[in-house]
Amino acid sequence: NLQMLLDDATKTAVQAVPLSHKNVELERKVDKLESSLEEANAYKFSLEQAKKYNETLQQKIEVLEVHLQASDQEINSHIELYQASVQEFQDTLDSLKEESKRRSLEEAADNLPWEFWSRLLLILDGWLLEKKISIDDANLLREMAWKRDGRIRDAYIACRDKSEHETVDIFLQLTSSQRSSGIHIVHIAAEMAPVAKVGGLGDVVTGLSKSLQKRGHLVEIILPMYDCMHHDLVTDLKELDVALDSYFDGQHFKNKIWVGLVEGLPVYFIEPHHPWKFFWRGQYYGEHDDFKRFSFFSRAALEFLFQSGKKPDIIHCHDWQTAFIPPLYWDVYATKGFNSARICFTCHNFEYQGIASASELTSCGLDVQNLNRPDRLQDNSSHDRINPVKGAIVFSNIVTTVSPSYAQEVRTAEGGRGLHETLNFHSRKFVGILNGIDTDAWNPETDTFLRNQYSVDDLRGKVENKVAIRKHLKLSLANTFQPLVGCITRLVPQKGVHLIRHAIYRTLELGGQFVLLGSSPVPHIQREFEEIANHFENHPHIRLILKYNDALSHNIYAASDMFVIPSMFEPCGLTQMIAMRYGSVPIVRRTGGLNDSVFDVDDDTIPVHLRNGFTFLSPDEQGLSSAMERAFELYVRKPDIWQQLVQKDMRIDFSWDSSSAQYEELYTKAIARARAANQA
């Protein structure tokens with residue numbers, strides 16, 4: 001039984017082994033299932049948490065969407081308000097533009113440069129002379145341009161791409177006009193800066209004309225067409241398709257008429273077709289037949305005004321070269337119906353009178369028998385000679401010269417050069433008006449010739465210019481405070497050449513430096529100063545440049561501390577005004593315009609605010625030395641007071657504003673007297 005039990009047990013054990021293995025395998029599977037169950041339970045927990053989180057997030061999203069919708073509505077509301085504001089602004093802007101456009105059409109076009117209107121006037125005159133428009137149409141259109149009417153401006157701008165024929169037709173459609181309140185002034189002269197300039201006359205013609213133009217007047221200039229003038233400085237220079245006939249020496253000669261703009265002013269140039277080629281000589285003056293040249297020009301200028309249908313209020317002629325204008329106007333042209341103008345004559349220097357044989361007068365068509373009389377053109381010292389300047393004084397409605405003091409001096413036997421009795425007889429129409437300077441051309445703040453610009457409130461540039469010119473002229477730089485004396489002049493007896501020579505040596509004795517710029521048409525004077533220049537050729541303190549140089553002149557004005565002008569007589573003088581504008585204190589002789597513009601710092605009879613320089617009266621070395629010594633003493637001993645004097649001088653107004661206002665008053669009174677006489 002035991003064996004059977006053992007066998008049964010063994011058999012059972014054997015059978016149990018696979019079961020055991022199965023059991024172990026089952027246990028592993030159970031363990032694996034349990035592990036998977038745990039993972040499933042954990043995952044199920046995470047899904048539940050995610051579901052809850054998603055539900056929360058969804059709730060937040062729904063809240064944000066509500067807020068976003070509200071914000072969108074608010075933004076849309078602001079956009080609508082902004083768009084409405086923009087539209088309102090645009091409507092207002094459009095309204096303002098329309099109002100501005102309407103006003104610009106109604107008002108004179110003051111914002112356009114003078115060159116625009118001058119060019120337009122030249123075009124109108126060209127059409128008239130070329131017979132493309134009638135005199136009546138030309139006068140009407142001139143008045144519109146003169147008035148700076150916006151309609152003629154717009155017509156001109158609109159016609160820029162049209163043919164001349166179409167442009168003329170459009171202009172002729174402008175049928176309404178307004179009477180101009182300005183004065184129509186025509187200057188007839190031998191010079192005009194910068195195109196044809198020899199001396200101060202050219203500066204005066206340009207400066208006065210520009211100032212009168214700015215005051216609202218129509219100003220035109222007539223000049224000879226010189227071969228030697230600076231044609232490149234004339235804007236839009238062109239020849240008109242017209243030949244002007246003028247009388248001379250018993251026959252008629254043709255003249256070419258050129259037009260152009262100079263400094264914004266309309267200018268007419270007359271080129272005679274005369275076999276003697278009057279203005280093709282390579283120089284402005286100094287020809288043996290100057291009397292014929294300029295009497296021809298005077299007659300041709302009046303013929304041009306007459307044939308062009310112009311009716312100026314004032315014809316302003318200058319110096320003996322156009323002194324033929326007044327007798328020609330009244331004796332020849334007034335009888336033809338050309339009598340709208342009053343004549344103004346300005347003598348810039350009574351030393352030059354154009355005196356010639358009486359027979360010469362017949363060439364331009366004047367009656368010698370009628371005019372060679374003591375009360376007309378006959379020269380006061382020679383009965384067989386005629387004096388054009390005297391004739392201009394007699395025949396003009398207004399006679400002026402270039403400073404009040406000079407006007408008094410020429411009424412004396414000493415200063416009148418033989419015309420004092422004539423001037424005294426016509427004293428009621430004779431006046432002296434101090435010239436001005438072109439303050440645009442002469443301005444240290446904008447002067448392009450200067451290496452260093454400067455102003456009255458900042459003088460550092462002046463100090464730097466002084467150093468620069470010393471280097472340029474190879475003068476000593478050892479003492480930066482050493483005073484520099486300048487002198488720019490024509491070396492002629494009138495300018496006091498013996499005193500200029502003395503000033504050179506006296507400056508050296510006083511410890512200064514001296515720079516002279518200028519030349520002489522008088523051979524022996526030129527030679528004398530060439531010898532002085534050679535003597536001081538390498539000197540550290542003296543330099544003479546015996547030829548004119550425009551750029552150098554600007555730099556000398558800017559660099560110098562003092563300026564010497566010891567003239568024997570000086571009708572006006574511009575150098576003292578330019579010197580003061582550039583901060584150079586003038587040392588001058590009390591004569592003519594110098595006496596009207598420079599007042600001694602030590603003269604107790606002069607109000608303090610007017611004292612601006614150093615003066616002397618006696619035309620000798622002692623008088624000049626005294627003035628120079630006082631100037632040097634103030635410069636060296638009282639530099640602060642000197643600088644105040646420099647700044648005072650720079651602030652003085654030497655522009656043409658005051659002078660042109662005085663001319664305007666003279667013109668207006670002459671025109672009013674003429675109208676009153678016509679009504680009577």
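In the range 460-654, one over the average inverse separation of all distinct C-alpha pairs is 16.5 Å, which is the Kirkwood hydrodynamic radius.
Pairs of lysines in the range 460-654 whose Cα atoms sit within less than 22 Å of one another amount to 12, provided the residues are eight or more positions apart or on different chains.
Counting Lys +1, Arg +1, Asp -1, Glu -1, what net charge surrounds residue 499 among other residues with beta carbon under 10 Å of its beta carbon? Each step should come with its number before you reach the end.
Details: positive: 495, 501, 506, 589; negative: 620, 621.
Computed value for this residue: +2.
Can you give the helix-only mean residue ellipticity at 222 nm for the chain, where every DSSP H stretch with n ≥ 4 adds -39500 (n - 2.57) and the sum goes over all residues, rounded to the nearest 500 deg cm²/dmol?
Rounded to the nearest 500, the figure is -16000 deg cm²/dmol.
From the largest down, the range 610-675 spans 61, 30, 13 angstrom on the principal axes of its Cα atoms. A simple rule links phi to the HN-Hα coupling: the Karplus curve 6.51 cos²θ - 1.76 cosθ + 1.60 with θ = phi - 60°, which for the range 393-398 gives 4, 5, 8, 7, 7, 10 Hz, with x for Gly and Pro.
Suppose we keep just the DSSP beta bridges with both residues in the chain; what percent of those would be antiparallel, to 5? Let's see the in-between values first.
Details: 23 of 67 bridges.
Taking every DSSP beta bridge within the chain, about 35 percent pair in antiparallel fashion.
I'd like the orientation of helix 523-535 relative to the chain: the angle between its Cα long axis and the longest Cα principal axis, in ° from 0 to 90, rounded to 10. Once rounded, one gets 50 degrees. Counting every alpha-carbon pair across the range 195-288, the share separated by more than 20 Å comes to 43%.
Tell me the trypsin sites (Lys or Arg not before Pro) within the range 157-255 that lie in a loop according to DSSP and have at most 12 other beta-carbon atoms within 10 Å.
Working: sites: 160, 162, 179, 197, 210, 214, 215, 238, 254; in loops: 160, 162, 179, 197, 215.
In loop regions of the range 157-255 (DSSP not H, G, I, E or B), the sparsely surrounded trypsin sites (Lys or Arg not before Pro) are 160, 162, 179.
Within the range 184-432, the ratio Rg/Rh, alpha carbon atoms throughout and Rh by Kirkwood, equals 0.94. Working note: Cα atoms of the chain, range along each principal axis, descending, whole Å: 198, 73, 50. Between helix 497-509 and the chain, what is the angle of the helix's C-alpha long axis to the longest principal axis, kept within 0 to 90° and rounded to the nearest 10? Here the helix axis deviates by roughly 50 degrees.
Helix 460-472 and the longest principal axis of the C-alpha atoms of the chain enclose an angle of approximately 70°. Enter the Cα centre distance for the pair the range 582-625 and the range 211-254, rounded to the nearest angstrom. About 41 Å separates the Cα centre of the range 582-625 from the one of the range 211-254.
Only the coordinates and a few stated rules stand behind these numbers; no lab work does. None of these values were measured; they are calculated from a predicted model. Note: ideal-geometry Cβ built from the backbone for every residue, glycine included; neighbour counts use all protein chains shown.
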